[in-house]
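The structure appears below as structure tokens.
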């Protein structure tokens, strides 16, 4: 057996999540939640509501700038190995996603 001891955050990768409350809560219950020394988390809950149910228009209650800033922060973080984004949220990030790729 190896006696090597890993310190938290040393050589580890994390998953970041941008999504609705149910998705983020589910991932947090699995233990992916993390807060760094600066108080930044690896998740963002995006609040949304449907304006017209017959037209299925989705309106974000969370400001687009907040979502885009979180996307940029997660993609630049060296320890984030995977970023999970809900499909209905990704429509608001199309430009940022294409610029990243």
Filtered residues of the range 38-52 (kept if modelled with pLDDT under 90, part of a loop (DSSP other than H, G, I, E, B) and in contact with a strand residue (DSSP E or B) (Cβ under 6 Å, 6 or more places away or on another chain)): 51
Selection from the range 4-37 of residues that are part of a loop (DSSP other than H, G, I, E, B), at pLDDT 90 or above, loosely packed, with under 10 Cβ neighbours inside 10 Å and at negative phi: 30
Condition broken by residue 1, with the remaining ones in (1) surrounded by 10 or more Cβ atoms within 10 Å (Cβ to Cβ); (2) at pLDDT below 90; (3) assigned to a loop (DSSP other than H, G, I, E, B) satisfied: (1)
Looking only at the range 53-95, and only at residues there that are in a loop (DSSP other than H, G, I, E, B) and surrounded by 12 or more Cβ atoms within 10 Å (Cβ to Cβ), the one that is modelled with the lowest pLDDT: 62
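The values are calculated or read from the model by the stated rules, or taken from the named source; none is laboratory data. Not measured: the values here are computed from a predicted model. Note that each Cβ is placed from the backbone with ideal geometry, even for glycine, and that neighbours are counted across all protein chains shown.
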